[in-house]
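Inspection log for the structure reproduced underneath, given as structure tokens.
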Amino acid sequence: MTESMANLAEDLSSILTRVQNVNVEEISKDASARADETKSYTSIAARNAVDLNLFEHISSAPTPISSEELSALTNAESLLISRILRLLASVRFVNEAGEDRWTANETTRAMASPPIAAGHWITKYKVPLEPNDGFVQYGLQTKLNIFDYMYSIPPLLQDFNLCMGNAHGERESWHYCPVVLVDVGGGKGHDMQAFHSAFQEKISKEQGTLVLEDLPQVLDAIPNDNLPSSIVKMPHDFFTEQPVKGARGYLVHHILHDWPEKYCHQILAHLRKAMIPDYSKLLIYELILPNTGAVEMQARYDLVMMTFSGGMERSRSQWIKLLEDAGFCNIGFMST
Ligand SMILES: C[S@@+](CC[C@H](N)C(=O)[O-])C[C@H]1O[C@@H](n2cnc3c(N)ncnc32)[C@H](O)[C@@H]1O
């Protein structure tokens, strides 16, 4: 062994000793405390932007460039470009100059440099529009949409329902609400139970009915004694006619974000037909992204929904457009 090799071996062995002395348990505790399962979406978005040459196009534009203009340059759909760039803007890979308008910063220009941008170009960049032809179907080689897929694997469905019951977090429930409520796609009934506990006296006085709707596979799995007697379980596919007409309120919580536009319109059309004008209210409980300046977590969730089911976390203006196009008016927003 030469002297330099010996020195190198010594250096390596001292590095190894240091590595071995690190408290692995502490590191993994720390890592899992910070674990964030959606983090990889940010690097996936960056990789897609490189593939599409977005950084170069934005860097060479003399004035803010819109997603529409980028779409014309790249052949990728402008909505998909906005959704990718919204996430990248939240971590300052690009600057947001307005709604769906972008400018370059130093990171954008670095990302546009040839060694980084030497990716390849894919010509059919599109937002998935069919819930049975998206990322999950590609990955799992199935034709089932995400819900039918979960219904086919009972332990997976059980975990999903458990997880959805917690998605509301620790926030207080139901500051205001109509008395008679239909929870459309209500899962195992956690929202209805929260509503019932908050308003049971009022409900019984006015003899209201609470209706919990979901597909039979989900409702059948709820033990009967899990729900108060005033909550009626009603199997219903929300792509078909709404059986409860003229209720005071219809709640859709974490439903519309699961579905592409065309399917949201079908769900909304059935609800609208069942509603009485100036009396019934549609209550949508979802994430509302700001039109500009979404934080990273919000923008990542949007891409999570795109992967999960071809769905989407919508911005305030995207919500307004969806609802107005579906014929709703008097749209209001409130935060929880
Ligand atoms: C994301 S979960 C939301 C559950 C609940 N609303 C919540 O916020 O916790 C979506 C729900 O939609 C239900 N669902 C999916 N497709 C449906 C359909 N065609 N008709 C009725 N419910 C459906 C699922 O079974 C699931 O309970």
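Just so you know, all these numbers are worked out from the coordinates, no wet-lab data involved. Computed from a predicted model, the values in this text were never measured in an experiment. Every residue, glycine as well, gets a Cβ built from its backbone with ideal geometry; the counts of neighbours run over all protein chains shown.
Data table
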| quantity | calculated |
| --- | --- |
| Residues E313, E77, E37 arranged by fewest to most Cβ contacts within 10 Å | E37, E77, E313 |
| Given K188/K245; K39/K188; K188/K281; K262/K321; K39/K126, the pairs whose alpha carbons are separated by over 18 Å | K188/K245; K39/K188; K188/K281; K39/K126 |
| Fully extended contour minus Cα-Cα distance, from K126 to D225, at 0.36 nm per residue | 31.0 nm |
| Note, ³J(HN,Hα) from phi for region 278-295, Karplus 6.51, -1.76, 1.60, rounded to Hz, x at Gly and Pro | 6, 10, 6, 10, 9, 10, 10, 10, 8, 6, 10, 6, x, 4, 9, x, 5, 7 |
| Residues whose placed amide H lies under 5 Å from that of N53, excluding near-sequence neighbours | none |
| Estimated inter-spin distance, K245 and Q158, nm [label 7 Å along Cα→Cβ] | 4.1 nm |
| Extension gain from S43 to T292, taking 0.36 nm per residue of separation minus the Cα-Cα distance | 87.6 nm |
| In region 180-276, the trypsin sites (Lys or Arg not before Pro) that fall in loop regions by DSSP, at most 12 other Cβ within 10 Å | K245 |
| Other-chain or far-sequence residues with amide H under 5 Å of M275's (modelled H) | G246 |
